[in-house]
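**Q** This is the structure I have questions about; it appears just below.
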Amino acid sequence: MAQAVAEGARSAGAIVEVKRVPETVPAEVAKSAHFKLDQAAPVATVAELPDYDAIIVGCPTRFGRMPAQMASFLDQAGGLWARGALNGKVGGAFTSTATQHGGQEVTLFSVITNLLHFGMVIVGLPYSYQGQMTLDEIVGGSPYGATTIAGGQGQRQPSTIELGGARFQGKLIAETANKLFG
């Protein structure tokens, strides 16, 4: 999903960096719980966030909200909030859940709430992306952001429609940032 969001943003001319937040659990726990630890994306720092015109936060769902790792990262941005360093920047969110009713919208709101507190302008996945309206198959997608359904063991990959939604949202966020900062 992150790569599809990035593709969409790049298609609108954006320079994109895909990063991840630091892991907060001990390595033994992460391995035994089958965390994805082999990610190629570099680790993000809070200090670099003001350098971006747009920030798109993607995370899995953990009990219907963002996982503790993402919450911890965003919690460390209090100094940016106090300085208004992210005011007016464009933000968005996307997520993945294990099941169709696994809390996609609540997870998106848990991210978006943080972005709004930072003073960011939020761009979701509007219904102009018609793919999320299909009744031909089960798909993620919400006006609040792109989503996918991964399965309890991560056995399902994002569908063509879900990846299309991620690209659509990434492009729309980049276009919005370009209008604001162009």
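The values are calculated or read from the model by the stated rules, or taken from the named source; none is laboratory data. All figures in this text were calculated on a predicted structure; none of them were measured in a lab. All Cβ positions, even for glycine, are placed from backbone atoms using ideal geometry, and neighbour counts span all protein chains on display.
**Q** Taking only the stretch 91-111 into account, find how many residues are farther than 17 Å from A2 by Cβ, outside any loop (DSSP other than H, G, I, E, B) and not charged (D, E, K, R). Break it down into steps so the answer makes sense when it comes.
**A** Quick first cut of the stretch 91-111, residues farther than 17 Å from A2 by Cβ only: 98-103, 105-106, 109-110.
Restricting the remaining residues to those that are outside any loop (DSSP other than H, G, I, E, B) gives 105-106, 109-110.
Filter once more, keeping what is not charged (D, E, K, R): 106, 109-110.
Total meeting the criteria: 3.
**Q** Additional query: In the stretch 170-182, what count of residues is obtained for those that are in contact with a helix residue (DSSP H, G or I) (Cβ under 8 Å, 6 or more places away or on another chain) and closer than 16 Å to E17 by Cα?
**A** From the stretch 170-182, those in contact with a helix residue (DSSP H, G or I) (Cβ under 8 Å, 6 or more places away or on another chain) are 170-174; that's our starting set.
Within this subset, residues satisfying the condition of being closer than 16 Å to E17 by Cα are 170-171, 173-174.
The qualifying residues number 4.
**Q** Give the residue, chosen from V46, V57, V5, V90, that is hydrophobic (A, V, I, L, M, F, W, C), touching a residue at least 24 places away in the same chain (Cβ under 8 Å), surrounded by 14 or more Cβ atoms within 10 Å (Cβ to Cβ) and out of contact with any strand residue (DSSP E or B) (no Cβ under 6 Å at 6 or more places or on another chain). Break it down into steps so the answer makes sense when it comes.
**A** Values: V57 fails: out of contact with any strand residue (DSSP E or B) (no Cβ under 6 Å at 6 or more places or on another chain); V5 fails: out of contact with any strand residue (DSSP E or B) (no Cβ under 6 Å at 6 or more places or on another chain); V90 fails: out of contact with any strand residue (DSSP E or B) (no Cβ under 6 Å at 6 or more places or on another chain).
Result: V46 is the single residue among V46, V57, V5, V90 that is hydrophobic (A, V, I, L, M, F, W, C), touching a residue at least 24 places away in the same chain (Cβ under 8 Å), surrounded by 14 or more Cβ atoms within 10 Å (Cβ to Cβ) and out of contact with any strand residue (DSSP E or B) (no Cβ under 6 Å at 6 or more places or on another chain).
**Q** Do we have R83 as of a type in the set (K, R), over 22 Å from T176 (Cα atoms) and within 15 Å of the chain's Cα centre (by Cα) here?
**A** Details: of a type in the set (K, R): yes; over 22 Å from T176 (Cα atoms): yes; within 15 Å of the chain's Cα centre (by Cα): no.
No, not satisfied.
**Q** Considering only the stretch 119-146, how many residues are buried (at least 19 other Cβ atoms within 10 Å of the Cβ), of a type outside the set (G, A, S), assigned to a loop (DSSP other than H, G, I, E, B) and touching a helix residue (DSSP H, G or I) at 6+ places or on another chain (Cβ under 8 Å)?
**A** Of the residues in the stretch 119-146, 5 are buried (at least 19 other Cβ atoms within 10 Å of the Cβ), of a type outside the set (G, A, S), assigned to a loop (DSSP other than H, G, I, E, B) and touching a helix residue (DSSP H, G or I) at 6+ places or on another chain (Cβ under 8 Å).
**Q** Which is under 11 Å from the mean Cα position of the chain (by Cα), closer than 20 Å to T160 by Cβ and at pLDDT 95 or above, of T95, T107?
**A** Working: T107 fails: closer than 20 Å to T160 by Cβ.
Checking each option against the conditions leaves just T95.
**Q** Something else about it: Consider L135 carefully, then state whether it is touching a Pro at 6+ places or on another chain (Cβ under 7 Å), more than 17 Å from R167 (Cβ to Cβ) and of a type outside the set (G, A, S). Steps first, please.
**A** Numbers: touching a Pro at 6+ places or on another chain (Cβ under 7 Å): no; more than 17 Å from R167 (Cβ to Cβ): yes; of a type outside the set (G, A, S): yes.
Criteria not met by L135.
**Q** Further question on the same structure: Please work out if G164 is more than 24 Å from N178 (Cα to Cα) and either crowded, with 19+ Cβ neighbours inside 10 Å or among the β-branched types (V, I, T) (or both).
**A** Details: more than 24 Å from N178 (Cα to Cα): no; either crowded, with 19+ Cβ neighbours inside 10 Å or among the β-branched types (V, I, T) (or both): yes.
The answer is no for G164.
**Q** Filter the stretch 152-182 down to the residues that are part of a helix (DSSP H, G or I), closer than 27 Å to F35 by Cβ and of a type in the set (D, E, K, R) and list them by number.
**A** E162, R167
**Q** Also, quick follow-up: Would you pick out the residues in the stretch 50-88 that are touching a helix residue (DSSP H, G or I) at 6+ places or on another chain (Cβ under 8 Å), hydrophobic (A, V, I, L, M, F, W, C) and assigned to a loop (DSSP other than H, G, I, E, B)?
**A** Correct list: M66, A77, A85, L86.
**Q** Turning to a different aspect of this structure: Of the residues A33, A40, A47, which is on the phi < 0 side of the Ramachandran plot and modelled with pLDDT of 95 or more? Please lay out each step first, then the result.
**A** Details: A33 fails: modelled with pLDDT of 95 or more; A40 fails: modelled with pLDDT of 95 or more.
Step by step, each of A33, A40, A47 is checked, and only A47 is on the phi < 0 side of the Ramachandran plot and modelled with pLDDT of 95 or more.
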